[in-house]
1. Taking the conditions exactly as written (in contact with a helix residue (DSSP H, G or I) (Cβ under 8 Å, 6 or more places away or on another chain) and either surrounded by 14 or more Cβ atoms within 10 Å (Cβ to Cβ) or without any contact (Cβ under 8 Å) to a residue 60 or more places away in the chain (or both)), does residue 254 satisfy them or not?
2. Applying the selection to the stretch 189-216, what residues are surrounded by fewer than 17 Cβ atoms within 10 Å (Cβ to Cβ) and either touching a helix residue (DSSP H, G or I) at 6+ places or on another chain (Cβ under 7 Å) or at pLDDT 75 or above (or both)?
3. Within the stretch 87-125, track down each residue that is in contact with a strand residue (DSSP E or B) (Cβ under 8 Å, 6 or more places away or on another chain) and closer than 30 Å to residue 226 by Cβ.
4. Kindly indicate whether residue 248 is touching a helix residue (DSSP H, G or I) at 6+ places or on another chain (Cβ under 9 Å) and surrounded by 19 or more Cβ atoms within 10 Å (Cβ to Cβ).
5. Quick one: which helices (runs of 4 or more DSSP H) sit completely within the stretch 96-163 and have at least 1 residues that are surrounded by 18 or more Cβ atoms within 10 Å (Cβ to Cβ) and under 15 Å from the mean Cα position of the chain (by Cα)?
6. Return the only residue of 233, 219, 224 being at pLDDT 95 or above, surrounded by 13 or more Cβ atoms within 10 Å (Cβ to Cβ), touching a strand residue (DSSP E or B) at 6+ places or on another chain (Cβ under 6 Å) and closer than 22 Å to residue 23 by Cα.
7. Does residue 240 qualify as being at positive phi and at pLDDT 90 or above?
């Protein structure tokens, strides 16, 4: 089991939203049994890796939008405290002693946002849990070594509604066009074959909820594309590691990195 040894910094106060409710149809070999964020790399769900990355920057409160097989995620966190250490069980009395327990000081809100709700609709359903403060958001299927302090600093400097992390992965994703740090055009996946793409790891202001109207709202189209058209979307260009987990090949690649001890997103 992997262990993050880097000290957790003081809490920033910002909540972190994780979108973890999709079907993951391109990864059906794994997602027939569990939701995509619970697919394991290096012996832990990719969701755990994402939370650990945020925790290293002082983020301790997470709001996870559940959908497909959300009960699997709930069970994982219900058992998390007991199962993260070594156990001694007295079979006769039922007494359990936990040794070397992990001390992840997190608060995790597990919110069922429905099996058929689209990405923007899931975020809209989380509005009561987020209040009127700046928050962070990412997808539950990608890991990165992005510097979250620099991301937030750019967001504050740009005074944008949303700042996303732009990355350069293989060309099967959508793209972004820039004017300095301002996004002037956000392109869907089928519209571009190369360049910068949305890697998630976003910072958002509460005004984003004005762009989302129903369960069928799409985060990328209704929020990001519209905000870009209005000059309200910025991007932090991250030249380092980022990798999404869309296929079984991706799972094997990330799992191999994690087990080799060379995973860029894991600080030792």
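The values are calculated or read from the model by the stated rules, or taken from the named source; none is laboratory data. These numbers come from a predicted model, not from an experiment. Ideal geometry is used to build each Cβ from the backbone, glycine not excepted, and the neighbour counts take in all protein chains shown.
1. Numbers: in contact with a helix residue (DSSP H, G or I) (Cβ under 8 Å, 6 or more places away or on another chain): yes; either surrounded by 14 or more Cβ atoms within 10 Å (Cβ to Cβ) or without any contact (Cβ under 8 Å) to a residue 60 or more places away in the chain (or both): yes.
Criteria met by residue 254.
2. Going through the stretch 189-216, the residues surrounded by fewer than 17 Cβ atoms within 10 Å (Cβ to Cβ) turn out to be 189-191, 193-195, 206-207, 210, 213-216.
Listed by number, the residues that qualify are 195, 206, 207, 210, 213, 214, 215, 216.
3. If the condition is that a residue be in contact with a strand residue (DSSP E or B) (Cβ under 8 Å, 6 or more places away or on another chain) and closer than 30 Å to residue 226 by Cβ, then 109, 110, 111, 112, 113, 119, 122, 123, 125 are the ones that fit.
4. Numbers: touching a helix residue (DSSP H, G or I) at 6+ places or on another chain (Cβ under 9 Å): yes; surrounded by 19 or more Cβ atoms within 10 Å (Cβ to Cβ): no.
No; evaluated as a whole, the condition is false for this residue.
5. Values: elements: 119-125, 127-130, 148-158.
The qualifying helices (runs of 4 or more DSSP H) are 119-125, 148-158.
6. On the way: 233 fails: closer than 22 Å to residue 23 by Cα; 219 fails: touching a strand residue (DSSP E or B) at 6+ places or on another chain (Cβ under 6 Å).
Of 233, 219, 224, the one residue that is at pLDDT 95 or above, surrounded by 13 or more Cβ atoms within 10 Å (Cβ to Cβ), touching a strand residue (DSSP E or B) at 6+ places or on another chain (Cβ under 6 Å) and closer than 22 Å to residue 23 by Cα is 224.
7. Numbers: at positive phi: no; at pLDDT 90 or above: yes.
Answer is no for this residue.
Okay, residues lined up against (1) part of a helix (DSSP H, G or I); (2) within 25 Å of residue 117 (Cα to Cα); (3) modelled with pLDDT under 65; (4) in contact with a strand residue (DSSP E or B) (Cβ under 6 Å, 6 or more places away or on another chain):
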| residue | (1), (2), (3), (4) |
| --- | --- |
| 1 | no, no, yes, no |
| 4 | no, no, yes, no |
| 8 | no, no, yes, no |
| 13 | no, no, no, no |
| 19 | no, yes, no, yes |
| 54 | yes, no, no, yes |
